[in-house]
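The values are calculated or read from the model by the stated rules, or taken from the named source; none is laboratory data. As the structure is a prediction and not an experimental result, all values here were calculated from the model. Here the Cβ positions follow ideal geometry from the backbone for every residue, glycine too, while neighbour counts run over all protein chains shown.
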Amino acid sequence: MKIEVIEKNRVLFNSSKKNFEIHPLWLRERANNSNLVDQLTEQRIYDPSTLDKSIKIKKANLKEDSLNIEFTDGISSKFKISELCKELDSEKMKKGPVEEKILWDAKLNYRPTSKFNKDFESKDTFEMLKQFYKYGFVIITKVPTKDNYIVNFANSLGAIRPTNFGVFFNVKSIPNYNDLAYTPRHLYPHTDNPYRKPVPCIQLLHCIENQVSGGLSTLVDGFAVANYLKKNFRESFDILTTTKVRFRFIDKDVILENWGELIELDENKNIKHIRFNTKVDYVPHLHKENLEKFYSARKKMGELCCSKNFEIKFKLMPGDLLMMDNYRTLHGRTAYDASEGMRHLQGCYIDYDSSEGKLLHLIRKFE
Ligand code: OGA
Ligand code: ZN
């Protein structure tokens, strides 16, 4: 990947995938001289739409890691070649902060784990977030269990997302529950709160006490399951990626509803968002044939999620905090007997911009 200057005023970008001339206006918009861009915030102080559309490069040259340009409107500016290349590499730009997602199934013999460090600017936090982005989950051990510490934890990454369950919620067996999570029942692998707008991005579950023999946590990589369906059960994959389903939550105070595909694809047909929650989904009444296809596809997906091939199971111990990508992984738990003792988790949600913003900041700090 490199930047080249030809004929003294044409700037080219060359990589193994793409070769093109960089538009002068695109470069001019990136000129960061102090009279154009506020040096503290890196924000433009002028309206770039006022620039002359036919602006040209008068002179350009490369010197060490800089590209120097004089534009026809009299502005001269210096550009860092590495930064231009990073932005022009469209594949890399789209991928987000971490190189590759590592899809996993039940053969995953490594549990992405990180030791708690109360300094959220530390290398430990950096490593923890990288694991989270690769695997879609990470378990942070020895997180303080007193004083609702989960709120501190979440707010140190970014900002907590309060819901009608509160700023955070206590997951234990209680008499007047408004969700099956607050009973000792088995919970099938699920996306949390697919009925919210938008669906919460990241879920934290922090184990405070766990004295029961059941209540094991389960986790599935929904992207891996969706890929498997795509390869082996194409018809099921197709109906799940094209049928919008209604999700609904109801209690005495509120009714929440949102619609979406069980497997949502992005504009390039990549898997983007899994919504799987058989407690609260309501497929509309489609044509008989499509409805039957949908039911068998959802069944197949549910079977895969609960299967020995895809589901991992582990016991959360006091202090363990499970951080999961609620658009990718599905979580659940086995049933437990509440008379054996206390099982108490605390949960909350955060949005991607919190954790991603922190990760980008730590990449800037450590790399
Ligand atoms: C939840 C949930 C799992 C558990 O509260 O969303 O799925 O282990 N809990 O209790
Ligand atoms: Zn849940």
Starting from residues that are assigned to a loop (DSSP other than H, G, I, E, B) and small (Gly, Ala, Ser), keep the ones in the range 171-213 and report whichever is farthest from Val225 (Cα to Cα).
Ser173
How many residues, within the range 152-180, are in contact (Cβ under 8 Å) with a residue 60 or more places away in the chain, farther than 23 Å from Glu121 by Cα and aliphatic (A, V, I, L, M)?
3
Exactly one of Gly341, Gly357 is assigned by TED's automatic domain parsing to the domain that holds Gln203 and at pLDDT 95 or above, and that one is Gly341
Asp351 vs (1) surrounded by fewer than 21 Cβ atoms within 10 Å (Cβ to Cβ); (2) within 14 Å of ligand 2 (Cβ to nearest atom): all pass except (2)
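Can you pull out every residue in the range 302-339 that is among the acidic types (Asp, Glu) and either within 15 Å of Asn210 (Cβ to Cβ) or in contact with a His (Cβ under 9 Å, 6 or more places away or on another chain) (or both)? Before the answer, list the steps.
Pass one, the range 302-339, residues among the acidic types (Asp, Glu): 303, 311, 320, 325, 337.
Correct list: Asp320, Asp337.
Taking the stated definitions as given, is Glu100 out of contact with any Phe, Trp or Tyr (no Cβ under 7 Å at 6 or more places or on another chain), among the acidic types (Asp, Glu) and at pLDDT below 95? Can you show your working first?
On the way: out of contact with any Phe, Trp or Tyr (no Cβ under 7 Å at 6 or more places or on another chain): yes; among the acidic types (Asp, Glu): yes; at pLDDT below 95: yes.
When the stated conditions are applied, Glu100 passes them.
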In the range 266-280, is there at least one residue being over 30 Å from Asn109 (Cβ atoms) and in contact (Cβ under 8 Å) with a residue 24 or more places away in the chain?
yes
Any residue at all in the range 1-20 that is basic (Lys, Arg) and closer than 28 Å to Glu267 by Cβ?
yes
Are any of the residues in the range 190-205 in contact (Cβ under 8 Å) with a residue 40 or more places away in the chain, assigned by TED's automatic domain parsing to the domain that holds Phe310 and among the acidic types (Asp, Glu)?
yes
Which members of the range 223-238 meet the condition of being surrounded by 23 or more Cβ atoms within 10 Å (Cβ to Cβ) and either within 16 Å of ligand 2 (Cβ to nearest atom) or among the charged types (D, E, K, R) (or both)?
none
Among strands (runs of 3 or more DSSP E) entirely inside the range 241-305, those with 3 or more residues being surrounded by fewer than 20 Cβ atoms within 10 Å (Cβ to Cβ) are 244-250, 255-261
Working only within the range 201-222, note down all residues that are near ligand 1 (Cβ under 10 Å from one of its atoms) and surrounded by fewer than 19 Cβ atoms within 10 Å (Cβ to Cβ).
Leu216
Going by the structure shown, is Lys146 away from ligand 1 (no atom under 11 Å from the Cβ), under 23 Å from Ser122 (Cα atoms) and surrounded by fewer than 18 Cβ atoms within 10 Å (Cβ to Cβ)?
yes
Would you check which residues across the range 7-24 are surrounded by 14 or more Cβ atoms within 10 Å (Cβ to Cβ) and assigned to a loop (DSSP other than H, G, I, E, B) and list them?
Asn9, Ser15, Ile22
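Can you name every residue in the range 173-190 that is within 16 Å of ligand 2 (Cβ to nearest atom) and either hydroxyl-bearing (Ser, Thr, Tyr) or farther than 30 Å from Leu304 by Cβ (or both)? Can you show your working first?
Here is the first cut: in the range 173-190, the ones within 16 Å of ligand 2 (Cβ to nearest atom) are 173-174, 177-190.
Answer for the range 173-190, where residues must be within 16 Å of ligand 2 (Cβ to nearest atom) and either hydroxyl-bearing (Ser, Thr, Tyr) or farther than 30 Å from Leu304 by Cβ (or both): Ser173, Ile174, Tyr177, Tyr182, Thr183, Tyr188.
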Count - residues of the range 156-170 that are in a loop (DSSP other than H, G, I, E, B) and within 16 Å of Lys252 (Cβ to Cβ)
2
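Quick check: is even one residue across the range 314-325 assigned to a loop (DSSP other than H, G, I, E, B), touching a Pro at 6+ places or on another chain (Cβ under 9 Å) and either assigned by TED's automatic domain parsing to the domain that holds Phe233 or touching a residue at least 24 places away in the same chain (Cβ under 8 Å) (or both)?
Start the filter on the range 314-325 by keeping residues that are assigned to a loop (DSSP other than H, G, I, E, B), which leaves 315-320.
When the remaining residues are screened for being touching a Pro at 6+ places or on another chain (Cβ under 9 Å), the result is 319.
So of that shortlist, the ones also either assigned by TED's automatic domain parsing to the domain that holds Phe233 or touching a residue at least 24 places away in the same chain (Cβ under 8 Å) (or both) come out as 319.
Among the residues of the range 314-325, at least one is assigned to a loop (DSSP other than H, G, I, E, B), touching a Pro at 6+ places or on another chain (Cβ under 9 Å) and either assigned by TED's automatic domain parsing to the domain that holds Phe233 or touching a residue at least 24 places away in the same chain (Cβ under 8 Å) (or both), which makes the answer yes.
When only residues in the range 333-346 that are surrounded by 19 or more Cβ atoms within 10 Å (Cβ to Cβ) and assigned to a strand (DSSP E or B) count, which is nearest to ligand 2 (Cβ to nearest atom)?
We begin by selecting, within the range 333-346, every residue surrounded by 19 or more Cβ atoms within 10 Å (Cβ to Cβ); these are 333, 336, 343, 345-346.
Going one step further and asking which of them are assigned to a strand (DSSP E or B), we end up with 333, 343, 345-346.
Working: Arg333: 8, Arg343: 14, Leu345: 10, Gln346: 13 Å.
Selected residue: Arg333.
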